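Heads up: the structure comes next, in structure tokens.
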Amino acid sequence: MGDKKRHALVTGASRGIGEAIAIDLAKEGHNISVNFNSHQEDADEVVKKIKNIGSNAHVVKGNVSDKKSVDGMISAAVEKFGPVEILVNNAGIISDNLLMRMKDEEFDKVIDTNLKGTYYCTKLCVPSMVKNRWGRIINITSVVGIRGNIGQSNYSASKGAIHSFTYSLAKELATRGVTVNAIAPGYIKTATVDVLSEKLKDHIMTWIPMNRFGTPDEISGMAAFMASEKAKYMTGEVVRIDGGMAI
């Protein structure tokens, strides 16, 4: 707990990678706004875990693809713990299909949640960060945004766009004490991966030199570092944590 206590908002923090990041940031002593959209019981459980660590937390409901919902979510977070100083854009969805079969709605909802959600949340949090000359924006993307994947043209487009968003915003905020970085996970043991067939898991494993899936805490440690004072000279970086998948 060497760093000053900050207010961190983690979107999609009720499970998986978002939960792990919220807990690791709590271990650093930060106050955590745990965002959820549809899994309130899980989000409440994350808050309990954080309070057991000895940090403060609360839940904030919000659908990041909806601008009005994001406005309400950020307002509730700020009312509880003050301006958001660490923003982790983690909320995301998949809706896989080959492009020839993909419906417009499947493309739109992935772009709206993953890309526009990151935009909405970031735009509302940046002014106070600039004013206070301190901020950390951490975007959780995907190795698929680097290497692509069959059936995921919508998902890879959304994540690749966030990489470019990260680069541009990092340049805009570089002299304002605000860093903007991204983490591009590979296949991590979460609910999204658990539902895959064993046959598909075996096939995916042939892409991964380490020959295993990652765990959420192998992502969250990097997020905690990016949020810390130790990372103050690091900006515009996309860090792959993928077992070597994108080599």
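Things worth noting here:
- Residue ID - farthest from V178 (Cα to Cα), chosen from residues in region 213-247 that are assigned to a helix (DSSP H, G or I) and among the aliphatic types (A, V, I, L, M): I219
- Condition met for K49 (surrounded by fewer than 19 Cβ atoms within 10 Å (Cβ to Cβ) and within 27 Å of K116 (Cβ to Cβ)): no
- Taking every residue in region 187-208 that is over 16 Å from N149 (Cβ atoms) and pairing it with any residue that is surrounded by 10 or more Cβ atoms within 10 Å (Cβ to Cβ) and among the hydroxyl-bearing types (S, T, Y), at least 6 positions away or on another chain, the pairs with Cβ-Cβ distances below 7 Å are K189/T215.
- Scanning region 109-121 for residues that are crowded, with 21+ Cβ neighbours inside 10 Å and either of a type in the set (F, W, Y) or within 12 Å of D71 (Cα to Cα) (or both) yields G117, Y120, C121.
- Some residue of region 29-40 being in contact with a strand residue (DSSP E or B) (Cβ under 9 Å, 6 or more places away or on another chain), assigned to a helix (DSSP H, G or I) and under 26 Å from V195 (Cα atoms): yes
Table: residues versus (1) under 25 Å from G72 (Cα atoms); (2) at pLDDT 95 or above; (3) not basic (K, R).
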site: M129; (1), (2), (3): yes, yes, yes
site: Y155; (1), (2), (3): no, yes, yes
site: I162; (1), (2), (3): yes, yes, yes
site: A170; (1), (2), (3): no, yes, yes
site: G177; (1), (2), (3): no, yes, yes
site: K201; (1), (2), (3): no, no, no
site: M210; (1), (2), (3): no, yes, yes
site: G214; (1), (2), (3): no, yes, yes
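- Candidate set: region 127-145, residues that are in contact with an Asp or Glu (Cβ under 9 Å, 6 or more places away or on another chain) and not small (G, A, S); chosen: the one farthest from A227 (Cα to Cα): V143
- The residues on offer are T166, T179, T192, and the sole one that is among the β-branched types (V, I, T), under 21 Å from the mean Cα position of the chain (by Cα) and either part of a loop (DSSP other than H, G, I, E, B) or more than 21 Å from A246 (Cβ to Cβ) (or both) is T179.
- Scan of region 4-35 for residues that are among the hydroxyl-bearing types (S, T, Y) and closer than 21 Å to V126 by Cβ, ordered by number: T11, S33
- Selection from region 126-140 of residues that are of a type outside the set (D, E, K, R), crowded, with 19+ Cβ neighbours inside 10 Å and out of contact with any Pro (no Cβ under 8 Å at 6 or more places or on another chain): V126, W134, G135, I137, I138, N139
- Residue within region 92-108 that is crowded, with 20+ Cβ neighbours inside 10 Å and in a helix (DSSP H, G or I) present: no
- If you go through region 41-91 and keep only what is acidic (D, E) and part of a loop (DSSP other than H, G, I, E, B), you end up with D66, E85.
- Any hit, region 83-102, residues being closer than 29 Å to V195 by Cα, out of contact with any strand residue (DSSP E or B) (no Cβ under 9 Å at 6 or more places or on another chain) and among the β-branched types (V, I, T): yes
- Residue list for region 1-21, filter: over 17 Å from V64 (Cα atoms) and touching a strand residue (DSSP E or B) at 6+ places or on another chain (Cβ under 7 Å): K5, R6, H7, I21
- Scanning region 193-228 for residues that are among the acidic types (D, E) and either touching a Leu at 6+ places or on another chain (Cβ under 8 Å) or exposed (fewer than 11 other Cβ atoms within 10 Å of the Cβ) (or both) returns D194, E198, D202.
- Count of residues meeting criterion [of a type in the set (A, V, I, L, M) and in contact (Cβ under 8 Å) with a residue 40 or more places away in the chain] in region 209-224: 3
The values are calculated or read from the model by the stated rules, or taken from the named source; none is laboratory data. Just so you know, these numbers come straight off a predicted model, no measurement behind them. Counting neighbours? That spans all protein chains shown, and the Cβs are built from the backbone with ideal geometry, glycine included.
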